[in-house]
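The next block holds one structure in the form of structure tokens; read it before the comments.
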Amino acid sequence: MPALQRLCMEYLPLSFSRRHGDPSRPWNKFAIQVKKDDGSQLLNFEGNWRDIFQNWEALSISIPNYVESMISKFVNASTADGYNPYRITKAGIDWEKPEPHDPWASIGYWGDHQIIYLLKFLELSSDYHPGTLKKFLSADLFCYANVPYRIKGYDALLKDPHNTIDFDEELDALIDQRVAAVGADGRLIWDKNDSVYNVNLTEKLLATVLAKLSNFIPEAGIWMNTQRPEWNDANNALVGYGVSMVTLYYTRRYQQYLLQLFSEVEFDQVEISTELVELLNSINSTFVDNRHLLEGKISDTDRRTILDRLGRAADAFRAGVYSDGFVGERVAVETSQLIAFCQTSLEFIDHSIRANRRQDGLYHAYNLMTATEDGVEITYLYEMLEGQVAVLSSGYLSPEESLAVLEALRQSALYTERQNSYLLYPDRELSRFMDKNIIPQAELQRSALLQALVAAGDSSLIESNSQGGYHFSGAFNNVLSAQAAMQSLAENGYADLVAQDQALVEEIFESVFNHRQFTGRSGGMYAYEGLGSIYWHMVSKLLLAALENFQKGLQQNSDAETMGRLADCYFDVRAGIGFNKTPDNYGAFPTDPYSHTPGFAGAKQPGMTGQVKEEVIARLQELGVSVVNGSVTFNPFILRKSEFLSGSDTLVYFDTSGERKTLPLQVGQLGFTYCQVPVIYSLAEQTSIELSFADGSSQSIAGNSIESELSMAIFDKKGTVSKIQVALQPGLE
């Protein structure tokens, strides 16, 4: 029974999760409960999408046999239009609703790095359980979330990209009725027979990436037009005219994964919902028809042509699904077509990545788009650490190119010697209050409307000061205020001049305030990921990205000089992270995770930050633990000999039954746990493994890999394997 299989696949016996670290945020409606009233363990989790799935990325390494359940939970909570709800709980999903009387309340789809979060789970499944996902690609065991948000039509998105989603009150009420009748399944899309509409994993994977690519602007990135920011919500003001290269970098890695996945499947075709196939074909044909443009720089006109086709294809798809749902018909799509689509989209993505390399050797993170009648113009913003992390993680760069980015980063304005680490954005001095809202005389002379208002002494749009200068009205909040003032002027004798100059005045207004380049608190505050701030999660993401590229260099047999410099870059990043600092320098306990460090103080906001997740993953890779084709492998390619003990010590750990255990460690050894099994490294000339089992037996293995069946026993965490002893040579002195 598909419904029962779907529910079983989603099941996760977790007893703890995480909400956002700032409890003052009005949408933090979560209760972390770990015990029942009688004191027994409560299996329950809830939190926002971003924080749950980023934590689960690290958790999945500790409980790898649940990674497919995490994937199921992820894709079953994503919508037909390719986005995700805000909240995830054991019982299902939830979303924000309009609250007209709450100035903080709003609705929208958070980008929240859907692509990279899902991809990390997919990659882990392929490594730990090779072949498992291929079975799900054609199995109708997945579903769509039915969030009552309605993305407006493409023309409306262009007209006002800040106001792009309507809330469907009627659908929301229907969903409430269904939930009351059947429970959490009432929040899913139903078919014409009033049952949950089931689809296969291929369809779910495509729905996510097609939503991104339908907002692709060549040489700019992925247009952010769903009223919410991407992962870095300090840049929330970019929503609307902002375009994310960060998401495009991760989409590149995602498409490369799908290309390999579809190239290895044994079936020749897979059935996908008719509606999604039409969207796939429209996006693919847009790329194919414009492939010739990749030979050089794409013009504003051609850029608009491509965006129009992509945007209108998504518009037609959404309109049909919103009004009629899925009709229930399937189309057989050839796997060769899916492979070709991945290849073609990668050509466009790679072209845009090349176009976003800056002259200083870094890469753009976010750009701005301006749609005119016959084109789409791009404006580039300042450098951001997030962009460097994403491009390093994209898989696009060679080891030599990655080295160039890391070395350019150290020489850039993002590096701060004060903490020997990296800022999110270059520190800069903001304009003083008295220097703002000044209309240059030359701009005033361009507009007959403004000159007429000055002559008439009308101050409803612009005002004069005692020094003879001019400003826009101090009562204005943004360009909408200026538009309202001009509408009033048009109704009171200035109709011809307003008709003639409105667009010009709006252009002058933007040149004075530069609102489109305002990023949010990252561009106007001095803490909380603001100016001069180090955001420690992003530094740890940089650490992991640098390590991935070092590993890539090993796999590609890069020359010794390149590898040595990549190692230096990695350890330079590592040296700037908290636990290497003194309390005086760090401004807090160095071993505690903190959110950020502003330019004027020490570390702030302690808690279970995202940095912890990145550090868990990076440390395991430093220790050389990886899984290849289902087999646990020990290859400490970057582990330094200095990390091995110079004196005897004791490893304290909790085994798979939760019992506290100790193991003695000798000089020249190193101990840690993996899936709650103790692992003891010892220095030796030749690599070998000794497995100890709970029944008292043991097994010796020549080499550095444990075969897949025994590895599965470790992943199962049933206590079959009680200890792993590895004799090896470290990667570095």
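Yes/no per residue for (1) within 18 Å of Tyr154 (Cα to Cα); (2) in contact with a Leu (Cβ under 7 Å, 6 or more places away or on another chain); (3) of a type in the set (A, V, I, L, M); (4) modelled with pLDDT of 95 or more:
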position	(1), (2), (3), (4)
Pro218	yes, no, no, yes
Arg253	no, yes, no, yes
Ser263	no, no, no, yes
Ile283	yes, yes, yes, yes
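The one condition from (1) in a helix (DSSP H, G or I); (2) of a type in the set (A, V, I, L, M); (3) out of contact with any Phe, Trp or Tyr (no Cβ under 7 Å at 6 or more places or on another chain) that Val391 does not meet is (3).
Look at region 397-421: where a residue is in a loop (DSSP other than H, G, I, E, B) and a partner is surrounded by fewer than 19 Cβ atoms within 10 Å (Cβ to Cβ), sitting 6+ places away or on another chain with Cβ atoms under 6 Å, you get Ala413/Pro426. The residues of region 352-377 that are of a type outside the set (A, V, I, L, M, F, W, C), within 25 Å of Glu507 (Cα to Cα) and in a strand (DSSP E or B), listed by number, are Tyr366, Asn367, Thr370, Thr372, Gly375, Glu377. Selection over region 523-543 of residues that are surrounded by 22 or more Cβ atoms within 10 Å (Cβ to Cβ) and farther than 18 Å from Ala603 by Cβ gives a count of 0. Residues of region 346-360 that are among the polar types (S, T, N, Q) and out of contact with any Phe, Trp or Tyr (no Cβ under 6 Å at 6 or more places or on another chain): Ser352, Gln359. Kindly check whether there is at least one residue in region 623-640 that is assigned to a loop (DSSP other than H, G, I, E, B), closer than 23 Å to Leu554 by Cβ and among the small types (Gly, Ala, Ser). Scanning region 623-640, I find at least one residue that is assigned to a loop (DSSP other than H, G, I, E, B), closer than 23 Å to Leu554 by Cβ and among the small types (Gly, Ala, Ser), so the answer is yes.
Of the residues making up region 378-387, not a single one is buried (at least 23 other Cβ atoms within 10 Å of the Cβ), outside any helix (DSSP H, G or I) and of a type in the set (S, T, N, Q).
For region 424-438, filtered to residues that are closer than 15 Å to His515 by Cα and in contact with a strand residue (DSSP E or B) (Cβ under 9 Å, 6 or more places away or on another chain), the residue that is surrounded by the most Cβ atoms within 10 Å (Cβ to Cβ) is Asn437.
Would you say Val721 is of a type in the set (A, V, I, L, M), in contact with a helix residue (DSSP H, G or I) (Cβ under 8 Å, 6 or more places away or on another chain), within 30 Å of Cys569 (Cβ to Cβ) and not assigned by TED's automatic domain parsing to the domain that holds Leu566?
In short, no.
Taken together, the residues in region 488-522 that are over 26 Å from Leu368 (Cβ atoms), surrounded by fewer than 16 Cβ atoms within 10 Å (Cβ to Cβ) and not hydrophobic (A, V, I, L, M, F, W, C) amount to 6.
Close Cβ contacts (under 8 Å, 6 or more residues apart or on different chains) running from residues in region 260-276 that are surrounded by 14 or more Cβ atoms within 10 Å (Cβ to Cβ) to residues that are hydroxyl-bearing (Ser, Thr, Tyr) and part of a helix (DSSP H, G or I) comprise Leu261/Ser126; Phe262/Thr335; Val265/Thr335; Gln269/Thr335; Val270/Thr202; Val270/Thr335; Ile272/Thr202. Reported count of residues in region 289-328, each being of a type outside the set (A, V, I, L, M, F, W, C) and outside any helix (DSSP H, G or I), is 6.
Restricting attention to region 82-93, the residues that are modelled with pLDDT under 90 and either aromatic (Phe, Trp, Tyr) or not assigned by TED's automatic domain parsing to the domain that holds Asn198 (or both) add up to 1.
If you filter region 525-543 down to residues that are among the aromatic types (Phe, Trp, Tyr) and at pLDDT below 90, you find that the one that is nearest to Ala567 (Cα to Cα) is Tyr528.
If the requirement is being touching a Lys or Arg at 6+ places or on another chain (Cβ under 9 Å) and under 22 Å from Ile714 (Cα atoms), which of these qualifies: Tyr653, Tyr681? I'd like the intermediate steps shown before the answer.
Values: Tyr681 fails: touching a Lys or Arg at 6+ places or on another chain (Cβ under 9 Å).
None of the others qualify; the one that does is Tyr653.
The residues in region 334-370 that are touching a residue at least 60 places away in the same chain (Cβ under 8 Å) and either of a type outside the set (Ser, Thr, Tyr) or touching a strand residue (DSSP E or B) at 6+ places or on another chain (Cβ under 6 Å) (or both) can be counted, and the count is 23.
In region 18-52, what residues are among the polar types (S, T, N, Q), part of a loop (DSSP other than H, G, I, E, B) and modelled with pLDDT of 70 or more? Across region 18-52, the qualifying residues are Gln33, Ser40, Asn44. Against the conditions (1) closer than 28 Å to Asp155 by Cβ; (2) free of Cβ contacts under 8 Å to residues at least 24 places away in the same chain, Gly296 satisfies every one except (1).
Does Ser282 satisfy being of a type outside the set (Val, Ile, Thr), within 25 Å of Gly131 (Cα to Cα) and either in a loop (DSSP other than H, G, I, E, B) or out of contact with any His (no Cβ under 6 Å at 6 or more places or on another chain) (or both)?
In short, no.
Are any residues in region 94-142 of a type in the set (Ser, Thr, Tyr) and at pLDDT below 95, and if so, which ones?
Result: Ser106, Tyr109, Tyr117.
The values are calculated or read from the model by the stated rules, or taken from the named source; none is laboratory data. From a predicted model like this one, the values you see are computed outputs, not experimental measurements. Backbone-built Cβ (ideal geometry, glycine too); neighbour counts: all protein chains shown.
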